[in-house]
């Protein structure tokens, strides 16, 4: 069996190594982070991959790049914005946590799926693949997600390695580009065990996220209905005038 970590893109695994070193203090604030040349030699990757590692680390707030001097470790990683298309694994890696996924079930539904988001109703015509997953960070349950994926766009997706990134499957296996996502967020209180947070007892605060993701030409690819633990997860929105 292939380890779940190997399902992550190489740049994500390199980011995990660097953020873990920062968290453990091996790379302290103000220290020089591994250069692109260091990454190329250590991990046997391309210039493009090394450059992306630096870019992602800087966007997440782990490092700062100073022209002519190098890349240096920062403190207090920034919170990622909710108004961007950002997969759970990448989000957790940027936060310095180790992501993992437990597949709770996958089945084909002929009836399709419907969701109302921001006063607009969307319908995804069947058949769809209903995928339920428990997402964890450092072994701690963080969210339970249910996604209904168009099987017209992704035939046979129920047979893929669904513990990995669905976004990577869309792009690499089906050549689909994610254009935008519309989401609604509400605060709820849930029975943790009933929702699917294995090992968590009692009623807990949570965020319910309902959303729809589009590919090119405004075509609906998937509908999401997820529950995020309110005591473990935080959302932020970047507002612009």
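Since every read-out is calculated from the coordinates, none of them should be taken as a lab result. Keep in mind it's a predicted model, so treat the numbers as computed, not measured. Reconstructed Cβ throughout: ideal geometry from the backbone, glycine too, with neighbour counts over all protein chains shown.
General observations
- Cα long-axis angle, helix 10-24 against the chain (0 to 90 degrees, to the nearest 10): 60 degrees
- Normalised by the number of residues in segment 119-241, the average gap of Cα pairs under 8 Å and 6 or more apart makes the relative contact order 26 percent.
- Only helical runs count toward this figure. For the chain, summing -39,500 (n - 2.57) over DSSP H runs of n ≥ 4 and dividing by all residues gives -5500 deg cm²/dmol at 222 nm.
- Gaussian network model of the chain, Cα within-10 Å springs - most flexible of 24, 103, 57: 24
- Look at the alpha carbon pairs under 8 Å that are at least 6 residues apart: their mean separation over the length of the chain gives a relative contact order of 16 percent.
- Semi-axes of the equivalent ellipsoid for segment 4-73, computed as √(5λ) from the eigenvalues of its C-alpha gyration tensor and ordered from largest down, come to 18, 15, 10 Å.
- Normalised by the number of residues in segment 4-73, the average gap of Cα pairs under 8 Å and 6 or more apart makes the relative contact order 36 percent.
- The Kirkwood hydrodynamic radius of segment 123-216, based on inverse pair distances between different Cα atoms, is 15.0 Å.
- Distance from segment 33-65 to segment 193-235 (C-alpha centre basis), Å: 31 Å
- Among 220, 195, 212, the largest mean-square fluctuation in a Gaussian network model of the chain, built with springs joining Cα atoms closer than 10 Å, belongs to 195.
- Here the residues 167, 233, ranked from fewest to most Cβ neighbours within 10 Å of their Cβ, fall in the order 233, 167.
- Helix axis angle, 47-59 relative to the chain longest principal axis, alpha carbon, degrees: 80 degrees
- Global dimensions of the chain from alpha-carbon coordinates: Rg and Dmax equal 18.9, 58 Å.
- Residue order, fewest to most surrounding Cβ atoms within 10 angstrom, among 46, 150, 165: 46, 165, 150
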